[in-house]
Structure formats: C-alpha cells, structure tokens
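Trainee: Handing you a structure now.
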Amino acid sequence: MEHRIVGPGPYRATRLWNETVELFRTKMPLRKHRCRFKSYERCFTAAEAVDWLHELLRRSQNFGPEVTRKQTVQLLKKFLKNHVIEDIKGKWGQEDFEDNRHLYRFPPSSPLRPYPKRPPYQKDVIKFPEWDDPLPGTSQENIPVRPVVMNSEMWYKRHSIAIGEVPACRLVHRRQLTEANVEELWKTMTLSYLQKILGLDSLEEVLDVNLVNSKFIIHNVYSVSNQGVVILDDKSKELPHWVLSAMKCLANWPNCSDLKQPMYLGFEKDVFKTIADYYGHLKEPLLTFHLFDAFVSVLGLLQKEKMAIEAFQVCCLLLPPENRRKLQLLMRMMARICLNKEMPPLCDGFGTRTLMVQTFSHCILCSKDEVDLDDLLAARLVTFLMDNYQEILKVPLALQTSIEERVAHLRRVQFQKSYPEVYQERFPTPESEALLFPEKPKAKPQLLMWALKNPFQPFQRTRSFRM
C-alpha cells in the first residue's frame, strides 16, 4: 500500500485526486458480504473503506499523519458524489456516506479526472530600458527646435563648430531608474526565484503573474516591526481590537495582563470560539484564492524541508500586507497554544494541535472552485506552517540581497551613462589613477651601522664617541 509522492507543478490537486482514486480502486480489499439474506460479491462496508483509506492517507507523504477519520469520511462522501464508488444497488451522487456497515462497490469505469487544457505558455522576458534608447515618439531626425535669431555670437559658435574648434553636440536621451522600474524588478526577480525553486519551466499554470502586486512584495520586506510582523499603513485593515485582545489572551495564557473582565469556568473555550468565528467568516482565505495552486505546488517539496521553507517564504511575500499580518499573528497564537502545558483542553473530542489544524485550515487555504482534496491539502499545509512558521514568515535574505545589489548596479549604470565626466572624477579607472598618481620608486631601507656588527662582539669605542 504505497502512495507515490506527487511533486510540484501545475494541476497538483488533480494529480493527487487521480493518484488517490486509482490506488483506492486497485488496492482496496474486496470480499463477499451478506445483507438481508442476500450475498454480494466483490464489495466492502463503509467502515472498512474508512479504515483502509484512513490508513493510506496517514502513511502518505502527500497528506501526513495529521489526517483524521472525519476527514476520511468527508473524502469518501466526495468519492460517492463523483461516482468513484456506488452502493450495491448502483446508487451514487445523492447518497450520503456514513461510517457504518452499509455496502459499497466500485463501478465498472474508472472516473479519473482530465487535466484542464490551456494554451501553451510563452516566456515573458521583462526588458528594462536601455539608457541610450530614445524616448517613444522622438528620433534624431525629427527633433523639435526653436527658431534662432542669428547674431554675431551665434554666427561665431556655428563657425567654430564648422572648423572644428568646438565639438559638435549630440542629443543624449537620459533615462532614470524610476520607482516603477524598481517595483518591476522586485516582481520579476521574486517570481524567477520561485520558479527556480519549484523547478518549473513557467509559473503561468501555477499562478497568474498579472495578479502579483510588486508593491505588496516591497511592503512585506521593509515595513516590518522588530519582531518581523508586517506594519500596515492603512490602520482600517487591522484586526479588530477585540479579536487582537482575545488572541493575546490565549497566546499568553494564563498571564492575561490586559484582561479586565473576570474569568469563569470554560472562559478560554469561549475566547477561542470568538477567534475561530472571526477567521471563519473571512471573505477570502489568508493565502488568497489566486495563490492556491502555488501553495499546493510547494506542498510537493515537503520531503526537502529546507527547499520547501524557502519556497513558502517567497510565496508568502506575494500576499497582501494585511493578509500576511493576520497570518503571522494567527500562527504565533496557534503555536503558543500548542506548546502551553497550562492551557486547559479547548475541545473534548480533539487534542489541542488537531483542533488548531481543523479549526483554521479552511480560513488559511482553500480554493475558489470546488477542489475535492482542499481540506486535506490545507491541513497538511497548516501543520507544516505551525512547525516552521518562524522561518517561513521571514524575508528570504538571499533574494533580498540579490535584488538590492541589482538595483544598486542599475543606479550606478544610470549615473555613469548620464554624467560620464562626473563619474570618471568620482570613480577613476586604474589607467587614470596611474596618470594622476605615478608610482614612486620605493626607498631602500637604511642599514643601521650596529646591525653590521656581531651582536656578540664586545663594544669597541670609536672616534665618534670621543669627547
């Protein structure tokens, strides 16, 4: 019973679905069952399917041991809805699957899902303006000039140019590295960095690059507190004060310094429910709809933990600043609650860690369209985030350094092209330095007279020491 690792790339959720369906159909044990005095060949009970599939998902590196039995039942409901299985009377689609002794079987056909067809991608190479390129709409032949009144001074200047005394002027188009150029550079190099980590030929089938906002990337890199949490310019997008107070209360339990109202038995459960209700009613998950495929694709790298953390770092830079801040505060609270041994049980049916994953996975990652494995994929991602959130929500230093060096280089090139004389004065070449500062002959060190004497020879008085 093996589950192949589905690596990063486009349509990873569809590939995982097909892999799971195919493995379930070929490996699920089938046998004879009796129901109402009648025998049925090659079938299985609902409880047997839950047992076998739950063990398969927990052993799979694509999903992990955090998969619960309830999630397995939900997946089998989707199998019944999509005609992966049917009951022994051939009914499917409208039937509700439950963890009981009801009999099911496989239909004759294998309902694997086709991959969406998209037009072939084209690599878009961002071309930055050359410093010598003319501005749009201008050329050397068609340059607007003002009529000049000829006088003796103007005549002398033209005559001097004609006989070669003054060099002729040449129109130079000076390009400056604008803020838009810098933003485009951040976007391009960030996406290229992510594409290299994922090992893909293109990101177009993983995310829509046109929806990536370069301002978000720059804000998430530089507008941060000493703890690394994003600082928002628009305070209206902050977490409500009552939610933030509730999160601080549970994160610092039982030392709730800003708590004014008295506590009662089960108080912590009500505070947790308040936080869960707020995050559960968000209009969009924190990782956004358009980045769903990108994060699911990164899940294929979890076997290479260092590489997966680096890819998640880059993906989290693409988030809107308010989403990144809410994610940072939520993950910090979840991790502290799980590590807090003094925290009372927040739910009778689940452990604290499982409760955190099941409660907040849907508000962190989900698809806008119906994806049958999104619950399992979200739980897998949130589990990895909880274990590595401090590293994942940091700014990747290697990427930041490379972009800053690139921007500094382009600014130097801009200055050199725009002001070559000033550049040569400020940054001389080795040849110009040799002309300005010729190498002087090195003076030979003087030999001391007493250095020539034998150090062990007794001192002899000479005439120079006579009075």
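The values are calculated or read from the model by the stated rules, or taken from the named source; none is laboratory data. Remember, it's a predicted structure, so these values are computed and weren't measured experimentally. Cβ: placed from backbone, ideal geometry, glycine included. Neighbour counts: every protein chain shown. For the accessible areas, the whole protein counts, side chains as well, though only heavy atoms, and no ligand, DNA or RNA atoms are used. Shrake-Rupley method; radii C 1.70, N 1.55, O 1.52, S 1.80 Å.
Trainee: Can you run down the residue pairs with Cβ atoms below 8 Å, 6 or more apart or on separate chains, where the first is in the stretch 8-23 and in contact (Cβ under 8 Å) with a residue 12 or more places away in the chain and the partner is of a type in the set (Ser, Thr, Tyr) and open to solvent by less than 20 Å² (accessible area, probe 1.4 Å)?
Mentor: Listed by first residue and then by second, the contacts come to Pro8/Ser297; Gly9/Ser297; Pro10/Ser297; Arg12/Ser297.
Trainee: Also, quick follow-up: Checking the condition part of a helix (DSSP H, G or I) and farther than 30 Å from Gly9 by Cβ, which residue from Met307, Met333 passes? Break it down into steps so the answer makes sense when it comes.
Mentor: Numbers: Met307 fails: farther than 30 Å from Gly9 by Cβ.
Step by step, each of Met307, Met333 is checked, and only Met333 is part of a helix (DSSP H, G or I) and farther than 30 Å from Gly9 by Cβ.
Trainee: Of the residues Gly64, Gly90, only one is among the small types (Gly, Ala, Ser) and buried (at least 16 other Cβ atoms within 10 Å of the Cβ); which? It would help to see each step written out before you state the result.
Mentor: Details: Gly90 fails: buried (at least 16 other Cβ atoms within 10 Å of the Cβ).
Just one listed residue meets the conditions, Gly64.
Trainee: Among the candidates Phe37, Phe24, Phe44, Phe79, single out the residue that is aromatic (Phe, Trp, Tyr) and closer than 30 Å to Met307 by Cβ. Can you show your working first?
Mentor: Working: Phe37 fails: closer than 30 Å to Met307 by Cβ; Phe44 fails: closer than 30 Å to Met307 by Cβ; Phe79 fails: closer than 30 Å to Met307 by Cβ.
Of the residues listed, the single one that is aromatic (Phe, Trp, Tyr) and closer than 30 Å to Met307 by Cβ is Phe24.
Trainee: Could you please let me know if Asn340 is buried (at least 21 other Cβ atoms within 10 Å of the Cβ) and under 22 Å from Phe272 (Cβ atoms)? Even if it seems obvious, please write down each step before you answer.
Mentor: On the way: buried (at least 21 other Cβ atoms within 10 Å of the Cβ): no; under 22 Å from Phe272 (Cβ atoms): yes.
In short, no.
Every residue, every condition in (1) assigned to a helix (DSSP H, G or I); (2) in the same structural domain as Gln61 (by the TED database); (3) open to solvent by 60 Å² or more (accessible area, probe 1.4 Å), yes or no:
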site	(1), (2), (3)
Leu239	no, no, no
Leu265	no, no, yes
Ile275	yes, no, no
Leu282	no, no, no
Pro285	no, no, no
Phe295	yes, no, no
Leu299	yes, no, no
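Trainee: With Val371, Val422, Val357, Val413 as the choices, which residue is more than 29 Å from Tyr222 (Cα to Cα), open to solvent by less than 40 Å² (accessible area, probe 1.4 Å) and modelled with pLDDT under 80?
Mentor: Val371
Trainee: Among the listed residues Asn255, Asn210, identify the single one that is within 18 Å of the chain's Cα centre (by Cα) and either surrounded by fewer than 11 Cβ atoms within 10 Å (Cβ to Cβ) or over 25 Å from Tyr193 (Cβ atoms) (or both). Lay out the reasoning, then the answer.
Mentor: Details: Asn255 fails: within 18 Å of the chain's Cα centre (by Cα).
On inspection, the qualifying residue turns out to be Asn210.
Trainee: Follow-up question, since we're still on this one. Here's a check for you: in the stretch 181-201, which residue that is under 13 Å from the mean Cα position of the chain (by Cα) and within 13 Å of Val212 (Cβ to Cβ) is surrounded by the most Cβ atoms within 10 Å (Cβ to Cβ)?
Mentor: Step one: of the stretch 181-201, the residues under 13 Å from the mean Cα position of the chain (by Cα) are 187, 189-198.
Cutting the leftovers down to within 13 Å of Val212 (Cβ to Cβ) gives us 187, 189-195.
Details: Lys187: 21, Met189: 18, Thr190: 23, Leu191: 20, Ser192: 13, Tyr193: 20, Leu194: 26, Gln195: 16.
Looking at the filtered set, the residue picked out is Leu194.
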